[in-house]
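S.K.: Pasting in a structure now, in structure tokens, and then I'll have a few things to ask.
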Amino acid sequence: MTKKDVENVETTVDLSVKIGSMKLKNPVMLASGTVGYGNEISNLTDLNRIGAVVTKSVSLKPRKGNPPQRIVETASGMLNAIGLANVGVEEFIRTKIPFLRQFDTNIVCNIAASSIDEYVECTRMISPEETIKAFEINISCPNVKEGGLMFGHDLKAVAEITRRVKAVTDKPVIIKLSPNVSDIAAFAKVVSEEGGDAVSAINTLVGTSFNIYTRRPKIFNVTGGLSGPAIKPVALAKVLEIKRKVDIPIIGIGGIMNWQDAAEFMIVGATAFEIGTVNFINPNAGVEISDGLWEYCRKMNIRKISDLTGSYVI
């Protein structure tokens with residue numbers, strides 16, 4: 001698209017959406033862990049045309065992650081067990097934020113932790129950074145103090161994380177929900193009750209893959225997170241479930257490969273959406289999806305893309 005084309009897009013269709021106090025120029029967000037800290041993809045696409053970039057998870061201390069093999073391709077998707085490898089808060093603030101500062105987009109910091117105190121401390125340390133516009137809290141982490149149970153499987157833990165993180169920042173707090181629970185809407189409900197600004201749904205599904213000749217798992221960690229088109233129907237159902245039961249902004253995630261997928265997520269209830277696996281196939285997918293949504297809205301006579309959210313007919 002030419003510069004004139006871009007200007008025409010902005011004047012004829014309003015692609016902007018809001019997540020709490022954060023305004024996005026369009027609903028396209030790049031999912032955590034799929035574009036590193038932005039520098040890995042910045043020369044392959046125009047980040048200034050993306051609604052938001054969600055950083056790779058940041059924890060209080062640096063983490064090496066799991067030993068290889070950590071990624072395996074599957075039918076219509078991929079398994080990953082990276083193990084939240086990251087540079088830690090201090091290095092993130094010192095070297096990653098200055099790079100991200102140059103882009104005209106929202107930077108959302110994804111936080112991972114092994115205790116509730118760690119979630120709070122990470123948020124407290126990063127919150128003063130003006131470049132960071134919101135936090136996405138990854139609750140699909142093992143609670144070391146409680147014997148390894150995932151935070152995202154415990155309603156009380158999710159409530160406490162939301163409440164305590166909100167107490168140390170005035171920026172939007174997005175809780176990233178696990179699909180590996182029986183009632184995802186119940187978790188969205190406690191997030192809303194404790195002051196959370198939004199939820200993102202869904203995180204990856206648990207999966208595994210074995211070598212039939214060695215009979216060993218293909219991933220060192222045995223199980224990993226399944227992402228990609230294979231999980232899209234599940235993700236859509238979870239977003240719809242939340243939308244029908246809880247009045248909170250939802251960021252849809254799960255197998256979005258094109259603008260049609262993105263539109264479907266918005267129709268079932270997503271205010272915005274994150275793209276992940278597709279970034280490995282087509283790093284410019286975010287820009288292309290934004291353009292496709294604009295053309296779709298124009299053809300459907302939708303002047304504000306926010307009107308698409310939750311517009312399903314049953």
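The numbers here are math on the coordinates, done by the rules we state, and not lab data. Values in this document were obtained by computation on a predicted structure and should not be read as measured data. Here Cβ is always computed from backbone atoms with ideal geometry, including for glycine, and neighbour counts include all displayed protein chains.
S.K.: Being free of Cβ contacts under 8 Å to residues at least 24 places away in the same chain, closer than 22 Å to residue 138 by Cβ and more than 14 Å from the chain's Cα centre (by Cα) is the requirement here; does residue 36 meet it?
M.R.: Values: free of Cβ contacts under 8 Å to residues at least 24 places away in the same chain: yes; closer than 22 Å to residue 138 by Cβ: yes; more than 14 Å from the chain's Cα centre (by Cα): no.
Answer is no for this residue.
S.K.: Continuing with the same structure: Quick one: in the range 126-140, of everything that is surrounded by fewer than 17 Cβ atoms within 10 Å (Cβ to Cβ) and of a type outside the set (D, E, K, R), which residue is nearest to the chain's Cα centre (by Cα)?
M.R.: 127
Yes/no per residue for (1) surrounded by fewer than 19 Cβ atoms within 10 Å (Cβ to Cβ); (2) touching an Asp or Glu at 6+ places or on another chain (Cβ under 8 Å); (3) over 19 Å from residue 256 (Cα atoms):
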| site | (1), (2), (3) |
| --- | --- |
| 169 | yes, no, yes |
| 173 | no, yes, yes |
| 177 | no, no, no |
| 187 | no, no, yes |
| 197 | no, no, yes |
| 204 | no, no, no |
| 209 | yes, no, yes |
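S.K.: So, in the range 169-204, exactly how many residues are within 14 Å of the chain's Cα centre (by Cα) and among the hydrophobic types (A, V, I, L, M, F, W, C)?
M.R.: Within the range 169-204, residues that are within 14 Å of the chain's Cα centre (by Cα) and among the hydrophobic types (A, V, I, L, M, F, W, C) number 8.
S.K.: Given the range 124-202, what strands (runs of 3 or more DSSP E) lie entirely inside it while holding 2 or more residues that are in contact with a Leu (Cβ under 8 Å, 6 or more places away or on another chain) and under 17 Å from residue 245 (Cα atoms)? So that I can check it myself, show each step before the final result.
M.R.: Numbers: elements: 132-138, 173-176, 198-201.
In the range 124-202, the matching strands (runs of 3 or more DSSP E) lie at 198-201.
S.K.: Moving to a separate point now. Among the residues of the range 229-271, which ones are part of a helix (DSSP H, G or I), farther than 21 Å from residue 194 by Cα and aliphatic (A, V, I, L, M)?
M.R.: To start, the set of residues in the range 229-271 that are part of a helix (DSSP H, G or I) comprises 229-245, 259-268.
Retained after the next criterion (residues that are farther than 21 Å from residue 194 by Cα): 229-237, 240, 259-268.
Matches in the range 229-271: 230, 231, 234, 235, 236, 237, 240, 262, 263, 266, 267, 268.
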